[in-house]
Amino acid sequence: MTESDNNFTTTTLTRLGGKKSGEQSDSITVEEPLEIRLGYTDPIKGKTHKSLSITMRTPGDDINLVCGFLYSESIIRHVEDIASIDDDTDNVIRVELKDDISFDQLRLERHFYTTSSCGVCGKASLDALSTSGFDVLLDNSFSISRQNLFQLSDRLRQKQSLFELTGGCHGVATFNSNGDIVTVAEDVGRHNAMDKLVGSMLRARLLPMQDMGIIVSGRASFELMQKALAAGCPMLAAVGAPSSLAIELAQEFNIALVGFLKQSTCNIYHLPSGHIGLA
């Protein structure tokens with residue numbers, strides 16, 4: 001590696017074949033660990049500090065990432081639940097919750113859903129969301145036309161500046177009913193990109209979502225659907241495929257789910273009846 005920036009670095013490589021064979025430079029997405037350390041008041045032990053999570057992420061928007069993570073895991077419900085957040089140390093974020101904030105502390109002892117092979121059955125996963133306070137979106141009235149929907153994937157790609165440079169990161173974005181991309185986040189990890197997006201909306205006091213959907217540059221996994229649900233998102237559109245559990249979650253909580261979104265085609269896996277104008 002040679003010179004480095006915050007979220008990308010430059011390396012020298014040798015390309016074989018094609019018109020540009022030989023030694024050349026290339027931009028690479030940075031991947032570094034981020035540790036989240038949480039301070040909170042235990043009813044028995046008093047003030048307690050724990051290392052909550054270590055995730056491999058692309059540096060940048062770390063505060064948003066941590067806020068989005070804490071929100072989607074039901075540790076905080078409002079940005080005001082945080083007394084202080086410190087990012088002075090490289091690759092470590094320290095969060096202090098206000099003394100009166102309570103949450104399910106057993107979540108600190110359990111492994112968060114991070115892979116499709118977590119060993120938890122679909123029914124148990126959906127039940128866990130229900131018991132965590134996530135509600136069915138009964139008033140899902142978000143609407144977008146077919147024409148605007150088909151423009152989303154290209155518009156997202158145009159906003160992915162880090163992907164344009166490196167070709168090595170995921171992108172997520174909010175969009176409105178006109179098909180406008182509103183807010184974009186990028187990261188080497190798709191779940192981190194979603195946390196950055198949700199965290200930015202939380203800090204802007206824009207949650208829960210009602211009049212915007214979310215588009216993801218890859219597949220729609222259970223974890224991304226869970227984070228969209230936590231944000232109150234009425235619609236998730238994916239450039240790639242959804243997982244079976246993501247479809248079940250969309251059906252269970254009444255979230256519109258679109259996959260394989262391209263310029264003129266898509267697959268609709270769940271559509272709240274009479275609400276979203278894709279006809």
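Since every read-out is calculated from the coordinates, none of them should be taken as a lab result. Keep in mind it's a predicted model, so treat the numbers as computed, not measured. Here the Cβ is made from the backbone with ideal geometry for all residues, glycine too, and neighbour counts use every protein chain on show.
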Equivalent ellipsoid, segment 1-106 (semi-axes from 5 times Cα gyration tensor eigenvalues, Å): 41, 12, 11
Under 10 °C and 1.306 mPa s, how fast does segment 146-270 diffuse according to Stokes-Einstein, given a Kirkwood radius computed over C-alpha pairs? Answer in µm²/s, whole number. 113
DSSP beta bridges in segment 146-270: the antiparallel percent, rounded to 5, is 65
With the 8 Å Cα cutoff and a minimum separation of six or more residues, the chain has a relative contact order in percent of 17
Surface/4 estimate of mean projected area, convex hull on alpha-carbon atoms of the chain, nm²: 16.5
Given N residues in segment 46-94, what is its alpha carbon radius of gyration divided by 2.2 N^0.38 Å? 1.15
Net dipole in debye of segment 146-270 [+1 Lys, Arg Cβ; -1 Asp, Glu Cβ; about Cα centre; nearest 20]: 160
Given 35-41, 218-224, 247-253, the highest-first ranking by average Cβ count within 10 Å works out to 218-224, 247-253, 35-41
Spin-label point model (7 Å from Cα, Cβ direction): what's the residue 28 to residue 12 distance in nm? 1.4
Can you pick out the pairs among 50/262; 47/159; 159/227; 98/159; 19/196; 47/196 whose Cα atoms lie more than 32 Å from each other? 50/262; 47/159; 98/159; 19/196
Distance between Cα centroids, segment 215-249 to segment 171-189: provide it in whole Å. 13
If you place +1 on the Cβ of every Lys and Arg and -1 on the Cβ of every Asp and Glu, how big does the dipole about the Cα centre of the chain come out, in debye to the nearest 20? 840
With a cut-off of 8 Å between alpha carbons and a minimum separation of six or more residues, what is the relative contact order of segment 144-279 in percent? 23
Extension gain residue 49-residue 251, at 0.36 nm per residue separation less the Cα-Cα distance, in nm? 68.9 nm
